[in-house]
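Enquirer: Pasting in a structure now, in structure tokens, and then I'll have a few things to ask.
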Amino acid sequence: IGGTEKQVRNLKKEYPQVIFLGYLPYNSLPVNQKAADILVIPNSGKTAISKYYTSPLKLFSYMVSQRPIVASDLPSLREILNENNAILVEPDNPQSLAEGIKLALKKPDFSVKISIQAHQDVRKYSWQKRVENIIGFINELK
């Protein structure tokens with residue numbers, strides 16, 4: 001899901017076995033994520049921004065979806081993900097990513113377990129919890 005029309009056209013030619021839907025409205029995101037077997041965050045570790053400072057919003061919507069997450073093992077993602085709520089793989093390594101995807105597909109009980117844990121863990125990052133943390137921080141400064 002996502003990408004320009006040109007990107008989608010090129011990807012469909014290169015990977016005819018994959019379904020590329022292109023841009024879809026944001027409000028259809030939950031339904032589309034639920035339709036997936038696995039959700040992937042293959043962030044690169046080659047830049048400091050990606051490695052240390054990125055916290056993609058899609059990570060949180062993935063956690064809500066109750067689908068197994070395969071993600072790059074980066075400090076920026078490890079702030080939220082761990083071995084109990086995701087399958088973490090070596091960044092910038094297509095073989096490692098493929099192995100993580102295979103693991104999720106071959107071990108459905110494990111995939112369900114980490115999906116449930118991710119869904120529970122994401123509650124710590126709701127807007128309400130964020131407000132409570134900010135207010136608590138401000139109160140500590142007084």
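Enquirer: Can you pull out the residues in the range 10-20 that are exposed (fewer than 12 other Cβ atoms within 10 Å of the Cβ) and either among the hydroxyl-bearing types (S, T, Y) or in contact with a helix residue (DSSP H, G or I) (Cβ under 8 Å, 6 or more places away or on another chain) (or both)?
Expert: Y15, V18
Enquirer: Go through the range 43-63 and report how many residues are out of contact with any Gly (no Cβ under 8 Å at 6 or more places or on another chain), touching a residue at least 24 places away in the same chain (Cβ under 8 Å) and open to solvent by less than 80 Å² (accessible area, probe 1.4 Å).
Expert: 9
Enquirer: Would you call K124 in contact with a Gly (Cβ under 9 Å, 6 or more places away or on another chain), farther than 21 Å from G2 by Cβ and in a helix (DSSP H, G or I)?
Expert: no
Enquirer: If I filter the range 49-60 for residues that are charged (D, E, K, R) and within 30 Å of K124 (Cβ to Cβ), do I get at least one hit?
Expert: Yes: one or more hits.
The values are calculated or read from the model by the stated rules, or taken from the named source; none is laboratory data. Keep in mind that what you see is a predicted model, and the values were worked out from it rather than measured. Methodologically, a virtual Cβ is constructed for each residue, glycine included, from the backbone with ideal geometry; neighbour enumeration extends over all protein chains shown. With ligands, DNA and RNA removed, areas are computed over all heavy atoms of the protein, side chains included. Shrake-Rupley method; radii C 1.70, N 1.55, O 1.52, S 1.80 Å.
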